[in-house]
C-alpha cells in the first residue's frame, strides 16, 4: 500500500502471490509501481537505483544478511569485537559464494573502521589497507554504491586525508541523499576537517532520515563533534550523554564527555568522568599519546585535549 501520510488517505495498493525464488522480481515490480505513482519527483540517481542488480546467489545473499545482523548488533565496548568477528565471517562467506556482492565488500571495509575505533585490531596499518582494498572492490562492482564510497571515505578519514574522505562522503550523499549513513558520515568528516557549522546540518539530516537507526548513538557522537568544534559545550555534553545511554562503556565517548565537562568548568563531575576514562586508557600519559589514538590531523584533537586538561588531566609533556 502507498499512503499519503500528510493527507492521510490511500493512494495505491496491490497484491503479489509468488514463490520465494521470485522475491527480487517482486521487489523490482513494487519499486517501479510506486515510482510511477510519485513520478516526476523520482528522477536521476533515485530512479536508477530502482533497477539495481539483484543477487545472483540466494545462499550468498543469506550470508550477507546474517553478516548485516551481526554488524548492527555488535558490541561497542573497547577490546571486544565479537559481533564484528561474526559479521566479517558472514560477509567473507557471502563473497566466497558470490564475488559480485558489492555490499559485502563495502561492509568488510566498515568492519575495519570499527576495529580501529575500538582498538580490536593488532595491526592498524594492515587494517587500513584492508579497508582500502575492500572499498575499491565494492566501488569497482558498483561505482554508485554509497556504502562502498563510505568505506573508502572511512579509509581516508583514518589516514588523516580529509580532502579525499570528504570527496567520497559527498559522492555518497549525491548518489543517495536519503541514506542516513551517507549524511552521518559526511557530517562526521566535516566536523573533524574543521567545517563544524556545516557538519551540523548533515548530522541532523541523518536523525531526520532514520530516527530509530541501529547506529543512533554514532550519530549522537558525530553531533558531539560538531557542537564541540562550535564551542557549544552544553550541547556537546548532551549529545555525549545520549550516545552513552545506548552503550555506556564506549571508551572514546567517555573521554569526550569528560572534555565537554572540563570546558563547562564542572570541576568535580569533570574529574570523576576523567578518572573513569583514564582507567580505560592506562597508557594515556602525554598529549602525543592521545594524538596517536585519535583521528590523524583532526581539528578536534586540541579542543578535546584542552577539555581533558580542564577536567584535571596532567599530561607529562
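The values are calculated or read from the model by the stated rules, or taken from the named source; none is laboratory data. This structure is a prediction, so every number in the text was calculated from the model and none was measured. Cβ: placed from backbone, ideal geometry, glycine included. Neighbour counts: every protein chain shown.
Among residues of the range 290-306 that are in contact (Cβ under 8 Å) with a residue 40 or more places away in the chain, those with a beta-carbon under 6 Å from a residue that is part of a loop (DSSP other than H, G, I, E, B) at least six positions away or on a different chain give the pairs 296/160; 297/160; 299/194.
Being in contact with a helix residue (DSSP H, G or I) (Cβ under 8 Å, 6 or more places away or on another chain), outside the structural domain of residue 243 (by TED's automatic domain parsing) and under 30 Å from residue 278 (Cα atoms), is that true of even one residue in the range 131-148? Taking every residue of the range 131-148 in turn, at least one turns out to be in contact with a helix residue (DSSP H, G or I) (Cβ under 8 Å, 6 or more places away or on another chain), outside the structural domain of residue 243 (by TED's automatic domain parsing) and under 30 Å from residue 278 (Cα atoms).
Checking 157, 175 one by one, the residue that is within 27 Å of residue 142 (Cα to Cα) and at pLDDT below 95 is 175 and no other. Just to be sure, is residue 250 surrounded by 23 or more Cβ atoms within 10 Å (Cβ to Cβ), touching a residue at least 60 places away in the same chain (Cβ under 8 Å) and farther than 19 Å from residue 291 by Cβ? Answer is yes for this residue. Say whether the condition of being without any contact (Cβ under 8 Å) to a residue 24 or more places away in the chain and more than 30 Å from residue 99 (Cα to Cα) is met by at least one residue in the range 147-169. Checked the range 147-169: at least one residue is without any contact (Cβ under 8 Å) to a residue 24 or more places away in the chain and more than 30 Å from residue 99 (Cα to Cα).
Among the residues making up the range 265-285, those that are in contact (Cβ under 8 Å) with a residue 40 or more places away in the chain and surrounded by 13 or more Cβ atoms within 10 Å (Cβ to Cβ) are 267, 270, 271, 280. Checked against (1) surrounded by fewer than 24 Cβ atoms within 10 Å (Cβ to Cβ); (2) within 23 Å of residue 144 (Cα to Cα); (3) within 13 Å of the chain's Cα centre (by Cα), residue 218 passes all but condition (2). When 270, 193, 279, 258 are checked against the criterion of being farther than 22 Å from residue 295 by Cα and not assigned by TED's automatic domain parsing to the domain that holds residue 154, 270 stands alone in meeting it. Looking across the range 232-247, the residues that are touching a residue at least 24 places away in the same chain (Cβ under 8 Å) and surrounded by fewer than 20 Cβ atoms within 10 Å (Cβ to Cβ) come down to 234, 242, 244, 245, 246, 247.
Scanning the range 76-107 for residues that are in contact (Cβ under 8 Å) with a residue 12 or more places away in the chain and part of a loop (DSSP other than H, G, I, E, B) gives 76, 77, 78, 79, 80, 81, 98, 100, 101.
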